[in-house]
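The values are calculated or read from the model by the stated rules, or taken from the named source; none is laboratory data. A quick note: this is a predicted structure, and the numbers were derived from the prediction, not measured. Virtual Cβ from ideal backbone geometry, glycine too; neighbours counted across all protein chains shown.
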Amino acid sequence: MEKLLALSKVNKRFGGVVAAKDVDMEVYPGEIHGLIGPNGAGKTTMLNLISGITPVDSGTITFLGRNITKMKAHNRARMGLGRTFQTPRFLDRSDIEENILLANDLNERISFFKSFVSPKSKNFIPHLDELTRVADFSFYLEDDISSLTYGQRKMLEIIRSMITNPKLILVDEPAAGLNNVERDRVMTLLRLAAHERGIGIVLIEHSMDMIMDCCQNITVLNFGEVIACGSPQEVSNNEAVIEAYLGRRKDA
Amino acid sequence: MNIGLYLQLLVIGLSMGMIYAILAMGIVLLVRAVGVLNFAQGELFMLGAYVCYALTVQLHMPIYVMLIVALLIFVLFGTLFMFAVYWPLRNSKWPATIIISTLGASVVLKEVVKLIWGSVPVVQPPIIKGVLVLWGNVRIEYQYLFIIGIGSLLITAVFLLFDKLFLGRAMQAAAQDSYAAQLLGIPTIVTTALTYIISASLVGVGGWLVSPLFLVSTSLGSFLLKGFAGMVIGGLGDVKGAVIGSLLVGVIESFATLFTATYKDAVVFSVLIIVLIVRPTGFFGQKISEKV
Amino acid sequence: MKRRIIKILVVVAILALAAVLVPTISSHYVITVVNGALVFYVGCLGICVMLGYGGMVSFATITFMGLGAYMSANLSLKAGMPFLVCVLGSMIFAGLCALIIGAILLRLSGTFFTFSTVALVLIAHDLFTNLRSLTGGPDGMGGIPPFNIGSFVADTAADNFYFLFVAGLLAALFVHRLKYTNLGRRLAAVRDNEIAAATMGVDVYRTKVVAFIIAGVLSGLSGSLMVHNYHFVGSSSFVFDQSTTMVIMAMLGGVSHPGGVFLGTMIITMLPEWLKPLQEYIRLFYGLGVMLLMVFMPTGLWGLGEQLSARFKERFHLTRKTLIGSDDASSEEMI
């Protein structure tokens, strides 16, 4: 199958701290790819490098067969590279509709003049409704973002990303701070995205159950280096991984 | 002859640069601690000049008493200013509110000064009288040398306090981050207030230094813009950069008078804009990136 | 939909009433003051776009007004162009300058951008004062022809009012509509969270520059209206203090809505007229007012009004909302 995303020998340093060292990684369409590692292993940095928020020092990133290493974040987003954050990032001072419309702009791509004549598209509503039903919650489109609970905001962020019709979504700890019910809904959403729509997903998550449950492949990072890569079984039996996790526990 | 003229211009430029540097440092301290660009800093500077004028000329205080009283007043100003302009707005959803509020404060301070001292400029006698005659008609007023001396002292003190000593760095960290403040056991309110006090005192003293060279009037507030220019040329949020940038601004401005009197300010701000085009982060600034 | 039509009708009725009443029943003096306010209103709409929509504090408004004003003055005095050509020329010229200047200054972020606009105002004022051949310097340029279209020439303050009213209305409608376009959303995204904006495909830098250009064009229009309204332009109009006053106008009324900006412009222009005996303290009140405003009403009078009306509608279930997601979940939440 055609590769969606490929990292090759990606390096990044912040002063003396190595955040990524010769990282290789591949993600395929319809795959949920876990990215795990102890705290400070450089997972979020990796997502920032892929989405273009931080530039890489060296190495290449290929997305949809195109070298995007030097491409700006917004152009990567326009190519279909979505992203969610550890703490959801919305337009805090706008209502939910505006937030979703912003995502919809990325999907519909209407010109300024067309949007000046008929400003508010309604085309996204069935899609939004469908996804919200999958996530099993509800809201009023005209309400403020602050009317949603934390868990709902995290789910809405994934939904917003799916509304942009992306090829790949980078998901940063979607289940952190969520209860078990909400966590299951997040997993349902991600599975729907990957398995039914063929979207590739890079998933950072601390909950091992969730990772083992829904990932086809896992990359394990420690101090910015890939120490293991493979299926959940391979990774969980890997000596280096056990050492990284248990070794840490011994130190602590 | 020419060398003499250049020397005079250099001394004047450096002493004005010192004044701008004092203003710039005042701003940088606040930018680093609370991330706010204070548009009223120039008015605090002007207020410093007026307070010292009132104490020396109107109340006939000897210089040492005057300095102590003035410092106490500056401390009060700093505290009041923080509680009026920064503290109520620190958690505002609109980042622009604090800037606009400092703008309001600058208008208020200017008007209050006008109500107390009138809008006619007043004259402050030199702190140190006399002229140094180097040769022929190459003369330098002692006041300029005095400014350079005191200015260097203040700059060194601030530099040591905030860039080298643990206390200063801790203070800045604590003002930015309540977690760091907890570790230090100092409430954020104290560190923030201290930063405002030091900043207000600095520019207050700056106002005192510059007052004999110019008429004391509400237009002294516009000195802030040169301080800003120096800070941006030097680098955003860096004390060393701000000082070097400000000295540069002073010297450029002084030498610009050789060619043009009318465009003196335009020359300075054009240099600023050129620097911005070539190096948006200034000469010593590093890119400040947001943690994701 | 019905309610929307009623709302539009009410607004149109109020505007029509104002258009008829102001020039007919007001004294010549009041019309002159209102005309001055309308001139500044158009410039303040630029602040609405920059600050209200895009969250960028810019003091450059007054400079672009100056550029527009001098362009218009030169076009009409030296080239003998009719009013409409002058206005268009001013807007294009101000827009082009905004493109170049904005592309440079917007490389800076946040407060540093704000300061660079202050520097711009100072440089521009120096230039306006000293480039005598183009600007007339501090003595200014007089005898600028009044508003005219074809053979119609505005002779009275009331005639001027109609021109300014139409220009202000068109500009306000444009700015109001802008908020709901994709550009408006991109601006909101830039204002609220630049990183989130970038991951939503928003070119942050470009969006900012476009907003700066729009503000520049509006300011250019305002400057052009200014010279044709007063028949005079002098460099002392384009000083930093005037720029702060305009920002204060916009903030007082409510910077994110053209209606709010209108309220603020009117209040600040009228205030000195109403408070003649307190003339000496008026700027002190501005300053204190702004400081209090920022603490208690950062969204201005209009924001306050919106909050109250939202609460009222909520209370009496007047809002019609679109429910998204399952009905079960919503009933769950109701409890």
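Of these, A:Glu130, A:Glu157, A:Glu97, which one is within 20 Å of the chain's Cα centre (by Cα) and among the charged types (D, E, K, R)? One residue alone meets the criteria, A:Glu157.
Rundown of residues vs (1) modelled with pLDDT of 90 or more; (2) among the basic types (Lys, Arg); (3) closer than 15 Å to A:Met162 by Cα, yes/no style:
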site	(1), (2), (3)
A:Met71	yes, no, no
A:Gln86	no, no, no
A:Ile100	yes, no, yes
A:Ile110	no, no, no
A:Lys122	no, yes, no
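Among the candidates A:Leu131, A:Leu102, the residue that is assigned to a helix (DSSP H, G or I) and facing chain C (nearest Cβ under 7 Å) is uniquely A:Leu102. Taking the range A:39-60 as the range and being of a type in the set (Val, Ile, Thr), in contact with a Ser or Thr (Cβ under 8 Å, 6 or more places away or on another chain) and either within 14 Å of chain C (Cβ to nearest Cβ) or closer than 27 Å to A:Ala175 by Cα (or both) as the test, the residues that pass are A:Thr45, A:Ile53, A:Thr54. Taking the condition of being buried (at least 21 other Cβ atoms within 10 Å of the Cβ), charged (D, E, K, R) and closer than 21 Å to B:Asn38 by Cα, how many residues in the range B:229-278 meet it? Summing the residues that are buried (at least 21 other Cβ atoms within 10 Å of the Cβ), charged (D, E, K, R) and closer than 21 Å to B:Asn38 by Cα in the range B:229-278 gives 1. When A:Met187 is tested against (1) aliphatic (A, V, I, L, M); (2) at pLDDT 90 or above; (3) buried (at least 23 other Cβ atoms within 10 Å of the Cβ), only condition (3) is not met. Can you find a residue in the range C:102-110 that is at the interface with another protein chain (Cβ under 9 Å from one of its Cβ atoms), within 20 Å of the chain's Cα centre (by Cα) and in contact (Cβ under 8 Å) with a residue 40 or more places away in the chain? No - not one qualifying residue is present in the range C:102-110.
Every listed requirement among (1) more than 14 Å from every other protein chain (Cβ to nearest Cβ); (2) at positive phi is met by B:Leu132 save one, (2). Within the range A:135-152, restricting attention to residues that are more than 9 Å from every other protein chain (Cβ to nearest Cβ) and surrounded by 18 or more Cβ atoms within 10 Å (Cβ to Cβ), the residue that is nearest to A:Gly34 (Cα to Cα) is A:Gly151. Considering the range B:55-100, and only residues there that are crowded, with 16+ Cβ neighbours inside 10 Å and of a type in the set (Phe, Trp, Tyr), the residue that is farthest from the other protein chains (Cβ to nearest Cβ) turns out to be B:Phe74.
Within the range B:251-266, restricting attention to residues that are in a helix (DSSP H, G or I) and more than 9 Å from chain C (Cβ to nearest Cβ), the residue that is farthest from C:Phe128 (Cα to Cα) is B:Val251. Taken over the range C:111-126, residues that are at the interface with another protein chain (Cβ under 7 Å from one of its Cβ atoms) and either in contact (Cβ under 8 Å) with a residue 40 or more places away in the chain or not aromatic (Phe, Trp, Tyr) (or both) amount to 8.
Here C:Ser256 passes the criteria (1) in a helix (DSSP H, G or I); (2) within 24 Å of C:Val121 (Cα to Cα); (3) in contact (Cβ under 8 Å) with a residue 60 or more places away in the chain except the one numbered (1).
Rundown of residues vs (1) under 21 Å from C:Tyr230 (Cα atoms); (2) touching a Lys or Arg at 6+ places or on another chain (Cβ under 6 Å); (3) surrounded by 16 or more Cβ atoms within 10 Å (Cβ to Cβ), yes/no style:
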| residue | (1), (2), (3) |
| --- | --- |
| C:Ile104 | no, no, yes |
| C:Arg132 | yes, no, no |
| C:Phe147 | yes, no, yes |
| C:Phe152 | yes, no, no |
| C:Leu173 | no, no, no |
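Scanning the range C:182-206 for residues that are surrounded by 23 or more Cβ atoms within 10 Å (Cβ to Cβ) and not small (Gly, Ala, Ser) yields C:Asn182, C:Arg185, C:Arg186, C:Leu187, C:Val190, C:Arg191, C:Thr199, C:Met200, C:Val202. Within the set A:Phe90, A:Phe112, the sole residue that is surrounded by fewer than 17 Cβ atoms within 10 Å (Cβ to Cβ), of a type in the set (Phe, Trp, Tyr) and within 29 Å of A:Asp129 (Cβ to Cβ) turns out to be A:Phe112.
Checking each residue in the range B:103-147 for being free of Cβ contacts under 8 Å to residues at least 12 places away in the same chain, farther than 26 Å from B:Val36 by Cα and not in a loop (DSSP other than H, G, I, E, B) picks out B:Leu115, B:Val131, B:Val133.
Apart from one condition, B:Asn137 fits all of (1) away from chain C (no Cβ under 14 Å); (2) surrounded by 14 or more Cβ atoms within 10 Å (Cβ to Cβ); the exception is (2). Could you list, in sequence order, all residues of the range B:204-245 that are touching a helix residue (DSSP H, G or I) at 6+ places or on another chain (Cβ under 6 Å), more than 14 Å from chain C (Cβ to nearest Cβ) and more than 30 Å from B:Trp117 (Cα to Cα)? If the condition is that a residue be touching a helix residue (DSSP H, G or I) at 6+ places or on another chain (Cβ under 6 Å), more than 14 Å from chain C (Cβ to nearest Cβ) and more than 30 Å from B:Trp117 (Cα to Cα), then B:Val239, B:Val243, B:Ile244 are the ones that fit.
Yes/no per residue for (1) under 16 Å from the mean Cα position of the chain (by Cα); (2) under 30 Å from C:Ala154 (Cα atoms); (3) part of a helix (DSSP H, G or I); (4) free of Cβ contacts under 8 Å to residues at least 40 places away in the same chain:
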residue	(1), (2), (3), (4)
C:Val209	no, no, yes, no
C:Ser222	yes, yes, yes, no
C:Thr244	yes, no, yes, no
C:Met266	yes, yes, yes, no
C:Met294	no, no, yes, no
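Just wondering, is there one or more residues in the range A:84-92 that are more than 7 Å from chain C (Cβ to nearest Cβ), outside any helix (DSSP H, G or I) and over 21 Å from C:Thr199 (Cα atoms)? Within the range A:84-92 (the criterion being more than 7 Å from chain C (Cβ to nearest Cβ), outside any helix (DSSP H, G or I) and over 21 Å from C:Thr199 (Cα atoms)), the answer is no, since none of the residues qualifies.
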